[in-house]
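Asker: Provided herewith is a single structure, encoded as structure tokens, for subsequent inquiry.
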Amino acid sequence: MGWLNIYAAVYNEDHQSIMDMTQRYGKQLIWILMASFIAITVLIIDSKFYVAFAYVFYAVVIVLLVAVLFFGKEVNGARAWFEIGGFALQPAELGKFVTNLAVAKYISQYNFKMHRFKSLAVLGMLIGIPALLIIAQNDTGSALVYAVFILVFYREGLSGMFLFWGFAAAVLFVLTLIWNEVRLVGFLIFASILAYGIVRQKMKEVVKIVVIFAAILGVVYLFSHMVRPGWSTAMILYVATGISIFIFIIYGIRKRIQPVFWVVLFFVSSLALSRSVSFVYEDVLVAHQRDRIDEVLGIRSDPLGVGYNVNQSKIAIGSGGVTGKGFLKGTQTKFNFVPEQSTDFIFCTVGEEWGFLGTSTVIILFMILLIRLLFLAERQRSRFSRVYGYGVAGILFFHFAINIGMTIGLVPVIGIPLPFFSYGGSSLWSFTFLLFIFLRLDASRMEILR
Amino acid sequence: MVDSNAKRTYLIAAIFLVVAVMYLIRLFTLQVVDTSYKLSATNNVVRRIVNYPARGLVYDRKGTLLVYNQAAYDVLVTPRELQPFDTLNFCNITGVTKEELKEQLQKAKDYSYFKPSVIIKQLSAQRYAILQEQLYKFSGFFVQTRTLREYPQKIASHVLGYVGEVNQQMIKKDPYYETGDYAGITGLEKSYEKELRGKKGVNYLMVDVHNRIKGSFQNGRYDTTAVIGENVVTSLDADLQRYGEKLMQGKAGSIVAIEPSTGEVLTLVSSPTYDPNLLVGRDRGEHYLALARDTLNPLFNRALMAQYPPGSTFKMVNALIGLQEGVLTPYTRYACHYGYTVGNYHMGCHHDTVFTLSGSIAESCNAYYAQEFRSILENPKYPDVRQAYDTWRKYVMSFGFGRTLGTDFPNELKGFVPSSNFYEKYVFKGSRWRALPIISLAIGQGELGITPLQLANYAATLANRGYYYIPHIVKKIQNENIPTRFTERHYTDIDTTQFPKIIEGMEEVLKPGGTAAMSRIPGITMCGKTGTAQNPHGADHSVFMAFAPADHPKIAISVYVENGVWGARYAAPIASLMIEKYLTDSISSGRKWLEKRMMEANLLEPKKPKKKAPAETETTVSSTTNKTPERDTVPPKEIAVKRDSLVIQEDTIN
Ligand SMILES: [Zn+2]
């Protein structure tokens, strides 16, 4: 199915020969044949082999990732490919399943405890090293995939707080970018007071706090108005908040109310995080990364510049309607309105030619696959297989969410492929390895692998 | 093995599902609810029409239009939309043969079924009008308007350059271009491409199956408007340029004239030239091939790229260096006894007298400069000849020789002033440096290579008494200032106080007894210098440089006439006519005969059929490396150094 879509995306009546090596779909067919070969090989090999050689694979791929920095071919500003006889091999793609194997092997060790410092440090390194090497190749998108391992760790006992704080940090990140400072600080004050209220369950106290805070704010406002007219609204808010926090802490110490300190800590750390986000955003991110995020958040709209791909992709998908224009009938994708359509924007072709029926089918099929993977993972007797299974599901989910999200304008443009759909041998192989190793592990699920 | 974390599966699954449901909702709104993204239900297609803006116009310094645009119409076809049509009718309307049409259609299909390709280029306006009326009969075809350059004055082809289709390299370098776009390939069109081209616009139009335009796509949301190119005023004087091209008829060579007070190029003639209109339109390729095959190499811009030895015009450089270094004064005397002889070395000349500085310039005495140049190289100030040579070279380079000047002409060449390493490698080869083996530099011969543009800049430097402005062709750009590097003075390493000492001699060149006395313009004091550039492939080249009027110079000029033998024979009269024309706008009746003779002179046919290849540094190097070391051993008479001063007598006899 994925192959048919690539065929449609680059279809051209002059090249009737499907086997034409110069065409992308011709190449993709060869990739598919080789992938089938890989799948069969993977299934034949004993599952103990993967456990035994997990670290070796990992080491080999790390070496390749380092080598590609020096000997790789540069394409679109990313030095990430080895070119071998007309086919491009991307080691970053292989990084995913070997990292998954290594993580599974480490977690399945006898005596493994998630919350030991050493465990967290080793796991952090296992996913951090390939991620950093891939960032060094200027391919930040592919590196982000490694963040998904947090789901795996969560399943294996990582505190839910990590997940929660990760989510909260993400929300804060977005809010920092789309809201101005005053609004953000206001929101944090509101959230802090609300949290305090929920913990303390005392309405009177909350009302008192609000009144005191409002009074302090009023005094500071008047003070600034008469003595220091140059103060900005944010400055006034900061001063008022600072005084309030001071009073609040004294109040907490006097009455020995512990939640006071937690709420203050929450407020201060959130604020610090938000400030550092805007610093990272303005000073660390490269302009085009910033532009892509801005575009999705609607901070700036530029349909012919940065937003061009996304807009064209939305038009292509939107023009598909309910049933689509039919296989090979898409005009938007044919006219190359959508750049990169056979790689990262392949979902456009689905949307345009098969309509909503096609897109929803793809999403539902993906969901069935992912949920099924989760439950397959859960029924494994050996911890290695289970961790690996979760890794597979997580990685596939991440690609699915980011790739489709970007074609419909919900996620910034990050160039990562849609599993089993996008053109590209490395990614197809990598997903084949990823999935079929798990199937092989599943076949021997009754054994304890270590 | 049951563990307490097993339930966490559900949370993870829930996260997956939430994302999936969000996406489904989004897709539902995009594809089903929101109709703004939908094209109409029929087989409508979106056609991308590029609006090519008119390129900027080009004027001369007095406002004469040099380049404008004419409309041209390209017929394009999208193979997928083709339907059976009356080919005979189509061929009649467009004037192509059935075979051509077939071939072009096949090419278009080979290229792409979905993307349009041009099948007929530059249709005339009349044919376009008929085709437009009947276009509904020809599904899949459409017409795109673009503009072509037209050159009403038919002059200055080398300065203006031409416009051509972009190649893959250019597309790679600048993403603005797409296949089929036009861009400046040479000359001004290339240097000021960014200003002249404007900005393309794009319209997306909805077209139905009957090839009718139904309106703009998405109300023109994705359309961009074209921006017309900026106009450029050049510093060229069209009248002078035309006159120069006329004078150079039948001769190979070049004229470069500069306004010394600004560095503006007034005239740049490279002869033989061609009508710039030849490289426009449908027959461009054919004409280009014919020009490229021409043995006289009309596409080669001699003014910027030919590198000749400067000959005796170089003597003032040596004089100025001598003055600056303190080895020469205006009263320094050197004798000439039919040349300069040391041991068995002899450099020929034709005086038997003693000269001071101005006389040596006026009569172009070789012996004077041989001795003067020796005094520079053997200056006791320096430990050896090599270091004296390095100093000398530094002075020479400060005149703009041996390096590019940084003009706004593409393809400007450096010329050649040998480094001391060069002589060490090919001449001295480890032996002690002496002045004699390189003494031909004294009279601008030997290994020197200088372009006509550099020579003209040198004339402008002398006219300004010590500085120049980088020569440039642009005077004004519509919305921008000209680059600041064109408005800064560049001083040579010679003090400005030294210059007046040589000017007197240059004035005498055109007075009775001077080498170019015949080219004197009544009523105008002109300073000049004749020269002869040695040519190992045939008759020597005639060289002349000048500026006028002497006191407040308005024009500085260099003229090269290939195979013109002596500076005074062709180059000096041509330069004087150019100056007279520019300063007085006419030629005085007493000099009409000279004008006639210059225009009618034809040096192209009887000479060697195989022309000298564009003077490349390499050929100069290889030919001289063999020759130079032998000089000392060759019998004196054979080193015939060209004699400028005899020319007067010869020419007056004629
Ligand atoms: Zn002499």
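The values are calculated or read from the model by the stated rules, or taken from the named source; none is laboratory data. Note that the structure is a prediction, hence the values are computed from the model and not measured. Methodologically, a virtual Cβ is constructed for each residue, glycine included, from the backbone with ideal geometry; neighbour enumeration extends over all protein chains shown. The accessibility values were calculated without ligands, DNA or RNA, using every heavy atom of the protein model including side chains. Shrake-Rupley method; radii C 1.70, N 1.55, O 1.52, S 1.80 Å.
Asker: Every residue in segment B:318-333 that is within 16 Å of the ligand (Cβ to nearest atom) and under 20 Å from B:Pro437 (Cα atoms), please.
Answerer: Let us first name the residues in segment B:318-333 that are within 16 Å of the ligand (Cβ to nearest atom), namely B:318-319, B:332-333.
B:Asn318, B:Ala319 - these are the residues of segment B:318-333 that are within 16 Å of the ligand (Cβ to nearest atom) and under 20 Å from B:Pro437 (Cα atoms).
Asker: Any idea which of (1) within 14 Å of chain B (Cβ to nearest Cβ); (2) closer than 26 Å to B:Ala14 by Cβ is the one A:Leu123 doesn't satisfy?
Answerer: A:Leu123 satisfies every listed condition except (1).
Asker: Follow-up. What's the number of the condition B:Gly590 fails, among (1) at pLDDT below 90; (2) not in a helix (DSSP H, G or I)?
Answerer: Of the numbered conditions (1) at pLDDT below 90; (2) not in a helix (DSSP H, G or I), the odd one out for B:Gly590 is (2).
Asker: I'm trying to understand the selection: among the residues of segment B:136-156, which are farther than 23 Å from B:Ala183 by Cα and open to solvent by 20 Å² or more (accessible area, probe 1.4 Å)?
Answerer: B:Tyr136, B:Lys137
Asker: Looking at B:Thr515, B:Thr530, which one is polar (S, T, N, Q), buried (at least 24 other Cβ atoms within 10 Å of the Cβ) and modelled with pLDDT under 90? Let's see the steps before the verdict.
Answerer: Details: B:Thr530 fails: modelled with pLDDT under 90.
Matching residue, one of B:Thr515, B:Thr530: B:Thr515.
Asker: Output the number of the condition that B:Pro471 fails; it satisfies all remaining conditions of (1) at pLDDT 90 or above; (2) buried (at least 23 other Cβ atoms within 10 Å of the Cβ); (3) closer than 18 Å to B:Phe314 by Cα.
Answerer: (3)
Asker: Among strands (runs of 3 or more DSSP E) lying entirely in segment B:209-309, which contain 3 or more residues that are open to solvent by less than 40 Å² (accessible area, probe 1.4 Å) and within 27 Å of B:His472 (Cα to Cα)? Talk me through it step by step, then tell me what you get.
Answerer: Working: elements: B:213-216, B:232-234, B:253-259, B:264-271.
Qualifying strands (runs of 3 or more DSSP E): B:232-234, B:253-259, B:264-271.
Asker: Exactly one of these conditions fails for B:Gly311: (1) more than 28 Å from B:Asn457 (Cα to Cα); (2) touching a strand residue (DSSP E or B) at 6+ places or on another chain (Cβ under 7 Å); (3) within 16 Å of the ligand (Cβ to nearest atom). Give me its number.
Answerer: So B:Gly311 meets the others, but not (1).
Asker: Please determine, by comparing only the residues of segment B:112-148 that are among the charged types (D, E, K, R) and away from chain A (no Cβ under 14 Å), which one is nearest to B:Leu196 (Cα to Cα). Full working, then the answer.
Answerer: Start the filter on segment B:112-148 by keeping residues that are among the charged types (D, E, K, R), which leaves B:115, B:121, B:127, B:133, B:137, B:146.
Narrowing further to those that are away from chain A (no Cβ under 14 Å): B:121, B:127, B:133, B:137, B:146.
On the way: B:Lys121: 22, B:Arg127: 29, B:Glu133: 33, B:Lys137: 38, B:Arg146: 15 Å.
Going through the qualifying residues, I end up with B:Arg146.
Asker: With respect to A:Lys334, determine if the residue is at pLDDT below 70 and at the interface with chain B (Cβ under 7 Å from one of its Cβ atoms). Can you show your working first?
Answerer: On the way: at pLDDT below 70: yes; at the interface with chain B (Cβ under 7 Å from one of its Cβ atoms): yes.
Considered against the rule, which asks whether it is at pLDDT below 70 and at the interface with chain B (Cβ under 7 Å from one of its Cβ atoms), A:Lys334 comes out as yes.
Asker: Given the conditions (1) surrounded by 16 or more Cβ atoms within 10 Å (Cβ to Cβ); (2) of a type in the set (A, V, I, L, M, F, W, C); (3) away from chain B (no Cβ under 12 Å), and given that A:Leu163 satisfies all but one, which numbered condition is not satisfied?
Answerer: (3)
Asker: Hey, which of the helices (runs of 4 or more DSSP H) in segment B:361-447, taking only ones fully inside, have at least 2 residues that are within 25 Å of B:Ile470 (Cβ to Cβ)? If you could, list the steps in order and put the result at the bottom.
Answerer: On the way: elements: B:366-377, B:385-398, B:420-423.
Ranges flagged: B:385-398.
Every residue, every condition in (1) modelled with pLDDT of 75 or more; (2) within 7 Å of another protein chain (Cβ to nearest Cβ); (3) surrounded by 13 or more Cβ atoms within 10 Å (Cβ to Cβ), yes or no:
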| site | (1), (2), (3) |
| --- | --- |
| B:Lys7 | yes, no, no |
| B:Leu30 | yes, yes, yes |
| B:Lys38 | no, yes, yes |
| B:Ala41 | no, no, no |
| B:Arg47 | no, no, yes |
| B:Gln70 | yes, no, yes |
| B:Leu76 | yes, no, yes |
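Asker: Going residue by residue through segment A:350-370, is there one that turns out to be over 30 Å from A:Phe112 (Cβ atoms), at pLDDT below 85 and more than 11 Å from chain B (Cβ to nearest Cβ)?
Answerer: The answer is yes, given that some residue of segment A:350-370 is over 30 Å from A:Phe112 (Cβ atoms), at pLDDT below 85 and more than 11 Å from chain B (Cβ to nearest Cβ).
Asker: Here's a follow-up. Considering only residues that are open to solvent by less than 60 Å² (accessible area, probe 1.4 Å) and of a type in the set (Ser, Thr, Tyr), which ones fall in segment A:101-141?
Answerer: A:Tyr106, A:Ser108, A:Ser119, A:Thr140
Asker: Name the one entry in B:Val159, B:Val118 that is in the same structural domain as B:Thr186 (by TED's automatic domain parsing), of a type in the set (A, V, I, L, M) and open to solvent by 50 Å² or more (accessible area, probe 1.4 Å).
Answerer: Details: B:Val159 fails: open to solvent by 50 Å² or more (accessible area, probe 1.4 Å).
That would be B:Val118, the only listed residue that is in the same structural domain as B:Thr186 (by TED's automatic domain parsing), of a type in the set (A, V, I, L, M) and open to solvent by 50 Å² or more (accessible area, probe 1.4 Å).
Asker: Let me ask something else. What are the residues in segment B:344-370 that are touching a residue at least 40 places away in the same chain (Cβ under 8 Å), more than 8 Å from the ligand (Cβ to nearest atom) and either open to solvent by 30 Å² or more (accessible area, probe 1.4 Å) or not polar (S, T, N, Q) (or both), if any?
Answerer: Listed by number, the residues that qualify are B:Asn344, B:Tyr345, B:His346, B:Met347, B:Gly348, B:Leu357, B:Gly359, B:Ile361, B:Ala362, B:Tyr369, B:Ala370.
Asker: I've got another one for you. Here is a list: A:Leu172, A:Leu184, A:Leu144. Which entry is touching a residue at least 12 places away in the same chain (Cβ under 8 Å), open to solvent by 20 Å² or more (accessible area, probe 1.4 Å) and assigned to a helix (DSSP H, G or I)?
Answerer: Values: A:Leu172 fails: open to solvent by 20 Å² or more (accessible area, probe 1.4 Å); A:Leu184 fails: open to solvent by 20 Å² or more (accessible area, probe 1.4 Å).
Step by step, each of A:Leu172, A:Leu184, A:Leu144 is checked, and only A:Leu144 is touching a residue at least 12 places away in the same chain (Cβ under 8 Å), open to solvent by 20 Å² or more (accessible area, probe 1.4 Å) and assigned to a helix (DSSP H, G or I).
Asker: Do any strands (runs of 3 or more DSSP E) lying entirely in segment B:459-558 carry at least 2 residues that are within 30 Å of B:Val58 (Cα to Cα), and which ones are they?
Answerer: Numbers: elements: B:474-477, B:527-533, B:541-548.
Once the strands (runs of 3 or more DSSP E) in segment B:459-558 are filtered for at least 2 residues that are within 30 Å of B:Val58 (Cα to Cα), what remains is B:474-477, B:541-548.
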